[in-house]
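The values are calculated or read from the model by the stated rules, or taken from the named source; none is laboratory data. In this text the structure is predicted, and so the values were computed from the model without any measurement. Every residue, glycine among them, receives a Cβ derived from its backbone with ideal geometry; neighbour counts consider all protein chains shown.
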Amino acid sequence: MLSSAAGRSWCEYKGEASYLSLTAGGVTADRAAWWYPSPTRGFEVLADKVAVYPSRMDRITVDGITVEAQEGDFYGGWITRAWSARSRARRARSAGDPGGRLR
């Protein structure tokens, strides 16, 4: 269950974000999610979407794959091992390593 949490933040692109607490299994993670109730023009598609900080959850999966939080706690993005491997290969190719082995 999601419930309103204290605090707001501002994104120069998307506008004002509101925070939510997430309760599951009798445990509440305060400010574990955020959303843009009235996003700025061009980002209206975000109005009914909720993003979750994976670092504030015990475990989150996408299509059965456990996600890994980005380092730090500023961004709420996450990656899966499959995405991470593709991303490393893409970066390696753009750096001149056609085999995608650059680490």
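Residue by residue, here is whether (1) at pLDDT below 95; (2) farther than 22 Å from GLU71 by Cα; (3) of a type in the set (A, V, I, L, M, F, W, C) holds:
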position: SER9; (1), (2), (3): yes, no, no
position: THR23; (1), (2), (3): yes, yes, no
position: ALA29; (1), (2), (3): yes, no, yes
position: ALA33; (1), (2), (3): yes, no, yes
position: SER38; (1), (2), (3): no, yes, no
position: ARG41; (1), (2), (3): no, yes, no
position: ALA47; (1), (2), (3): yes, yes, yes
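Within the option set ALA33, ALA5, ALA17, ALA29, being in contact with a helix residue (DSSP H, G or I) (Cβ under 7 Å, 6 or more places away or on another chain), surrounded by 14 or more Cβ atoms within 10 Å (Cβ to Cβ) and of a type outside the set (Val, Ile, Thr) holds for one residue only, ALA29.
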